[in-house]
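The values are calculated or read from the model by the stated rules, or taken from the named source; none is laboratory data. Here the structure is a predicted model, which is why all the values come from computation and not from measurement. Ideal geometry is used to build each Cβ from the backbone, glycine not excepted, and the neighbour counts take in all protein chains shown. Surface accessibility is based on the protein's heavy atoms, side chains included, excluding ligands, DNA and RNA. Shrake-Rupley method; radii C 1.70, N 1.55, O 1.52, S 1.80 Å.
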Amino acid sequence: RPPGITRAGWNDAFARAVIAALRQTMPQLRDTRGRVTVRILLNENGNIKVTEVVRPSQVAGLDQSVVFATKQTNYPLPPLAATEADRTF
């Protein structure tokens, strides 16, 4: 998570819910090993505002599969007090 996030229980619960939602849609590719780092910014309604690859995997198709999965995820609604930093993963 980026610096400047709100240190509060509601924000921790929101972050756990986002991670749980992402786990449900992440690709489970057979015989493929790699790590992709992406940055996701959600808007006030819980929809994706920006998804970008921060560190590519060097595995053909894996980066694209992960970005696609982030766009297919149903994210929880952010709390009303959530700042942009709170909505960045």
* Asked: Around Asp86, which amide H atoms from residues at least 5 apart in sequence, or from another chain, sit under 5 Å from its own amide H, with H modelled in the peptide plane?
  -> Thr6
* Asked: Per-residue ellipticity at 222 nm for the chain, helices alone: DSSP H runs ≥ 4 residues times -39500 (n - 2.57), over residue total, nearest 500 deg cm²/dmol?
  -> -10000 deg cm²/dmol
* Calculate what fraction, in whole %, of the accessible area of the chain sits on carbon and sulfur atoms when a 1.4 Å probe is rolled over the protein chains. => 48 percent
* In Å and whole numbers, how far do the C-alpha atoms of the chain stretch along each principal axis, longest first? -> 41, 23, 20
* Asked: About its Cα centre, how strong a charge dipole does segment 1-68 have in debye, to the nearest 20, once Lys and Arg get +1 and Asp and Glu get -1 at the Cβ?
  -> 200 debye
* Asked: Say we join alpha carbon atoms closer than 10 Å with springs in a Gaussian network model of the chain; which of Ala20, Ala60, Ala69 then has the biggest fluctuation?
  -> Ala60
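Would you mind getting the accessible area per residue of the chain, heavy atoms of the protein chains only, 1.4 Å probe, in Å²? Let's see the in-between values first.
On the way: 6110 Å² over 89 residues.
Accessible area per residue: 69 Å².
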* Structure fact -> Once all protein chains are kept in place, Arg55 shows an accessible area at probe 1.4 Å, nearest 10 Å², of 150 Å²
